[in-house]
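Take a look at the structure below.
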Amino acid sequence: MPTPITLKHLFSHHPKREGLYKFLLLLAVLVGYFGYLSWEYDLKTGGIVAALTWSFFVLCTPVADAGFLLDFPVRLITGMRMFLTEILVWVIAIGINLIGVFLMPGSYDKTFLTSLFYKILTHPWPYWSIILLCAAGTFLSVKFGDEMMDVVAHRDRDIFHRHGFLHKVMLMIALFVLILWAYYHLIEKLGVEFPA
């Protein structure tokens, strides 16, 4: 007779299941934000502004936040490296904004964040330097995440004993801290201000 599925079994620690839960949580946040924007404006505008906001967090933050919420569950569910998923995320975010800037520039006027994003996108010098720093920080953090997941999965159990792994980790952390410092310094220098 098959064992019945209990709540304990349903929520027990299982990496693929955890990844699915995180993905569903991300999806719920995006659907909620989309719902709010659709109620505030209309269905079409809500979808466009939600996509633009998501792409802002992909392209203009120096860690893989918007992408990582997708990268990590995809890695747990499919085994695909987060670095590859993040490349796909960036391609989608860039595509959304190519369409947005050239075909729907008025969509950026709906929120403070998207209007700031439009300013960054339409002024290559000096604002694209923010996007370049964010790309460096994002892909460095995702590479670090991939390597740590390899260690945790015991695929490279002896990685600590060869190839100077500890030195490599310390170098990646130092580079990431330098990127974060440069990012915040650049934001301050360019006079980008967020409302209180």
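Between Phe102 and Ile77, the C-beta separation translates, for a Förster distance of 45 Å, into a calculated FRET efficiency of about 0.85. Once all protein chains are placed together, Met80 keeps about 80 Å² accessible to a 1.4 angstrom probe. Placing a pseudo-label 7 Å from each Cα along the Cα-to-Cβ vector at Met148 and Tyr184 gives an inter-label distance of 1.9 nm.
The values are calculated or read from the model by the stated rules, or taken from the named source; none is laboratory data. Being a predicted model, the structure only gives us computed values, none of them experimental. When we count neighbours, we look across all protein chains shown, and the Cβ atoms used for this are built from the backbone with ideal geometry, even at glycine. For accessibility, only protein heavy atoms count, side chains too; no ligands or nucleic acids. Shrake-Rupley method; radii C 1.70, N 1.55, O 1.52, S 1.80 Å.
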